[in-house]
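Peer 1: Input: one structure, supplied below.
The values are calculated or read from the model by the stated rules, or taken from the named source; none is laboratory data. Owing to the predicted nature of the structure, the values given are computational and were not obtained by experimental measurement. Don't worry about glycine lacking a Cβ; one is built from the backbone with ideal geometry, like all the others, and counts go over all protein chains shown. For accessibility, only protein heavy atoms count, side chains too; no ligands or nucleic acids. Shrake-Rupley method; radii C 1.70, N 1.55, O 1.52, S 1.80 Å.
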Amino acid sequence: MCGIVGYAGARPALGVVINGLRRLEYRGYDSAGIAVVDGGLLMEKRAGKLASLEKALAERLAEASANPRPAAGNIASGSTGIGHTRWATHGGPTDRNAHPHRSADGRIAVIHNGIIENFAKLRSDLEGRGVTFLSDTDTECVAHLISAELANVDVESPESPVGARLGEAMRRVCLRLEGAFTLLAVDADAPGVVVGARRNSPLVVGRGRDENFLASDVSAFIEYTREATELGQDQVVTITDDGVTIMDFLGNPADGKEFHIDWDSNAAEKGGYDYFMLKEIAEQPRAIADTLLGRLTETGEVMLDEVRLSDQDLRDVDKIFVVACGTAYHSGLVAKYAIEHWTRIPCEVELASEFRYRDPVLDRSTLVVAISQSGETMDTLMALRHAKEQKARVLAICNTSGSTIPRESDAVLYTRGGPEIAVASTKAFLTQLVACYLVGLHLAQVRGIKYADEVGAVVAQLQEMSGKVDQVLDLMEPVRRLARELADAKSVLFIGRHVGYPVALEGALKLKELAYMHAEGFAAGELKHGPIALIDQGTPVVCVVPSPRGRGVLRDKIISNIQEVRARGARTVVIAEDGDEDVRSYADHLIAVPVTPTLLAPLVTTVPLQVLAAEIATARGHDVDQPRNLAKSVTVE
Ligand code: F6R
């Protein structure tokens, strides 16, 4: 939530920061702002999407070139800057609440991601000392506090005395803050210096040649550098054009963890598609193949990326909890079927936001699998920390290197989806499914339940899934037509059984978040226990039908459920396996997907539902990449 960019180097900061914000806008888009140091602090901020800020900047630059004032600084040429794109927490999305926030003396500008929980007390103390606040945000108090603290700081550093002072002031202020925060600050009196700090919220350093960057995630700077440093918890970082200095909140020198970014910089561009989401849907075959690449050793063992657990630890596991949110939670629901089937270990799936509050029974033989695309979702992070406090082992499935969840886990399997920019998750979901299957196979193998050749056979089936998803994508024209027909529906229901049930939930979530329509997913057998009352003449019901070659009973049962809804007037959209002629008579619209083993079927059955949601949203005139009220990376609880 909230995108943050900082730059110190030789280029004009304005362009670098705006480019970075464009790539981070998926993190929040209700206002945006920038501060550049050039002979003083030059700021511009606007409510609304980044485009409003860009328009204001263009007007400002046009006005400046029409009426040049040589003595004043220039926002277009200063080479130190910070920028922010906001998802509002404290204070509505207005110009005055947009970041950056400036200290009362006009010297310090601050941007922030997170929530400062003790801000009310800090604010009333500052007001008691005569400070006038210009916004309703929790952030503004940090600008005033840093400015006040600078007066008390006396730090000598031959390279950058002023920068060292700003870093020290930031450090002291952080000790007074409660909650989760990433903060960046610049000082009008310290051109060339940007200071950052993080507790619980994300911040990475990009290390360039004669320039350095700070950002919420690496996509903000991958067009300039691929070398990055992951900051630890409770650290302050100071960047200049030629240096990166890190200390912890106690003032001790600290190191970050350096890593190379292997994402393609074009991956963060739309590449000819109208929306990132359409591009990301189309990238799914490649993302599946990449996530599987090189996962089997020569002797047929499944490899994780980082393992700080012994095989014995994994053999000792007697219970698994999968914790995640939203779409990642749905991938966990599928994982349960695969993990229990392959390992025979009981597996519970739980919403991360609920997990720690019900005091789950955890110990060192519990494995908690935390699934997160961003690696920063606060609910998932807090669930993970709770699990670790109870001595459980934690395995992360994550798409983002350098993020907090993998760093704090005992083992990691990275999905290799590349940057997912559209707020609604698509390729992250499919790659999470692949990673869950691999985790299930790895556990089964380590525990001696599956032999290398059996694991190899399932991995071979998984490798075929990339081509099958491609086939599904080739057949989406009828789904697009159907979307236009359903665009005016009041409500759409989704039903499924077994692994089709999480697919139904995911289809409904996509439609809610993109099309703002009432949509609900149900376990098909549950319908008659209440929800069937929702069905009216013409209500669209999307039915995910399992393979006729799989569990016959399941399929027969869902066909009965389809008949039940049809008998009550529903318009059925049936997703079924290619060649399953029997279902044709129950389908007002039939969407055929390739023949696939039952457990792996969500990899193909989800895809038409993603396309359906994106197309209905487009038909209803909505912004597919940036749905209202949402942010991609939810870093508050
Ligand atoms: C829905 C969606 C969200 C995320 C959820 C978890 O399309 O994107 O439901 O899946 O916020 O995010 P991560 O995976 O980053 O933890």
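Peer 1: In cubic angstrom, how much convex hull volume per residue do the alpha carbon atoms of the chain span?
Peer 2: Working: hull volume 101.9 nm³, N = 637.
Output value, Cα hull per residue: 160 Å³.
Peer 1: Next question, about the same structure. Among the listed pairs Lys279/Lys468; Lys257/Lys336; Lys121/Lys391; Lys279/Lys557, give every one whose C-alpha distance is greater than 26 Å. If you can, show how the numbers build up before the last one.
Peer 2: Working: Lys279/Lys468 18 Å; Lys257/Lys336 33 Å; Lys121/Lys391 35 Å; Lys279/Lys557 36 Å.
The answer is Lys257/Lys336; Lys121/Lys391; Lys279/Lys557.
Peer 1: If the reach is capped at under 14 angstrom between alpha carbons, list the aspartates and glutamates near Lys49, excluding any in the same chain fewer than eight residues apart.
Peer 2: Lys49 reaches Glu25, Asp30, Asp95, Asp623, Asp625.
Peer 1: Ranked from highest to lowest mean number of other Cβ atoms within 10 Å per residue, what is the order of the peptides 239-247, 454-462, 402-410, 163-171? Mind showing how you got there, number by number?
Peer 2: Values: 239-247: 19.0, 454-462: 16.9, 402-410: 23.0, 163-171: 24.7.
Packing order, densest peptide first, comes out as 163-171, 402-410, 239-247, 454-462.
Peer 1: Per residue, how much accessible surface does the range 273-465 expose to a 1.4 Å probe? Answer in Å², no decimals.
Peer 2: Working: 6490 Å² over 193 residues.
With all protein chains present, the range 273-465 gives 34 Å² per residue.
Peer 1: Okay, next question. Starting at the first residue of the range 126-139, write each ³J(HN,Hα) from the Karplus equation 6.51 cos²θ - 1.76 cosθ + 1.60 with θ = phi - 60°, in whole Hz, x for Gly and Pro.
Peer 2: 5, 4, x, 9, x, 7, 9, 8, 9, 9, 9, 8, 6, 5
Peer 1: Given Val611, Gly525, Val17, which one lies farthest toward the positive end of the charge dipole of the chain, if we put +1 on the Cβ of every Lys and Arg and -1 on the Cβ of every Asp and Glu?
Peer 2: Positive-end residue among those listed: Gly525.
Peer 1: Take the Cβ-Cβ distance between Glu117 and Phe259 as r, set R0 to 45 Å, and report the resulting FRET efficiency rounded to the nearest 0.05. Don't skip to the end; give the middle numbers.
Peer 2: Working: r = 31 Å, r/R0 = 0.69.
Calculated transfer efficiency: 0.90.
Peer 1: Something else about it: Treat every Asp and Glu Cβ in the range 393-480 as -1 and every Lys and Arg Cβ as +1, leave all other atoms uncharged, and give the resulting dipole magnitude about the Cα centre to the nearest 20 debye.
Peer 2: Numbers: 8 positive and 9 negative charges, 53 e Å.
Using only the charged Cβ atoms, the result is roughly 260 debye.
Peer 1: Would you pull out the residues with amide H under 5 Å of Ile591's amide H, same chain only if 5 or more places away, H placed 1.01 Å from N?
Peer 2: Residues meeting the amide H criterion: Val574, Ile575, Ala576.
Peer 1: Any idea what the dipole of the range 571-637 comes to, in debye rounded to 20, about its Cα centre with Lys/Arg Cβ at +1 and Asp/Glu Cβ at -1? Don't skip to the answer; put the middle values down first.
Peer 2: Numbers: 5 positive and 10 negative charges, 67 e Å.
I would put it at about 320 debye.
Peer 1: Starting at the first residue of the range 331-346, write each ³J(HN,Hα) from the Karplus equation 6.51 cos²θ - 1.76 cosθ + 1.60 with θ = phi - 60°, in whole Hz, x for Gly and Pro.
Peer 2: After applying 6.51 cos²θ - 1.76 cosθ + 1.60, I find 5, x, 5, 5, 4, 4, 4, 6, 5, 5, 5, 8, 10, 6, 9, x Hz.
Peer 1: In addition: Convert 20 °C to kelvin, take the viscosity as 1.002 mPa s, use the Kirkwood radius over C-alpha pairs of the range 478-637 as Rh, and evaluate the Stokes-Einstein diffusion coefficient in µm²/s, rounded to a whole number.
Peer 2: Details: Rh = 15.7 Å.
The diffusion coefficient I find is 136 µm²/s.
Peer 1: Would you mind pulling out the separation of the Cα centroids of the range 8-61 and the range 319-368, in Å?
Peer 2: 41
Peer 1: Putting +1 on Lys and Arg Cβ atoms and -1 on Asp and Glu Cβ atoms, find which of Ile559, Leu600, Asn212 reaches farthest to the positive end of the dipole of the chain.
Peer 2: Most positive-ward Cα: Ile559.
Peer 1: May I pose another question? Put a dot 7 Å past each Cα toward the Cβ at Glu269 and Asp316; how far apart are the dots in nm?
Peer 2: For Asp316 paired with Glu269, the spin-label model returns 5.1 nm.
Peer 1: Once amide H atoms are placed 1.01 Å from N in the peptide plane, what residues at a sequence separation of 5 or more from Leu41, or on another chain, have their amide H within under 5 Å of its amide H?
Peer 2: Under 5 Å from the amide H of Leu41 lies no amide H from a residue far enough along the sequence or on another chain.
Peer 1: Of the heavy-atom accessible surface of the chain (probe 1.4 angstrom), what whole percent is carbon and sulfur? Don't skip to the answer; put the middle values down first.
Peer 2: Numbers: 11330 of 23550 Å².
That share works out to 48 percent.
Peer 1: Residue by residue through the range 173-183, what is 3J(HN,Hα) from phi via Karplus (6.51 cos²θ - 1.76 cosθ + 1.60, θ = phi - 60°)? Round to whole Hz and write x for glycine and proline.
Peer 2: 5, 4, 5, 9, 9, 10, x, 10, 7, 10, 10
Peer 1: Shifting gears a bit: Label point 7 Å out from Val361 along Cα-to-Cβ: which residues of the range 318-344 have amide N under 17 Å?
Peer 2: Answer for this model: 318-322.
Peer 1: For the chain, give the magnitude of the charge dipole about the Cα centre (Cβ charges: +1 Lys/Arg, -1 Asp/Glu; no others), in debye to the nearest 20. Kindly include the intermediate steps, with their values, before the conclusion.
Peer 2: Details: 68 positive and 87 negative charges, 256 e Å.
Charge dipole of the chain: 1220 debye, to the nearest 20.
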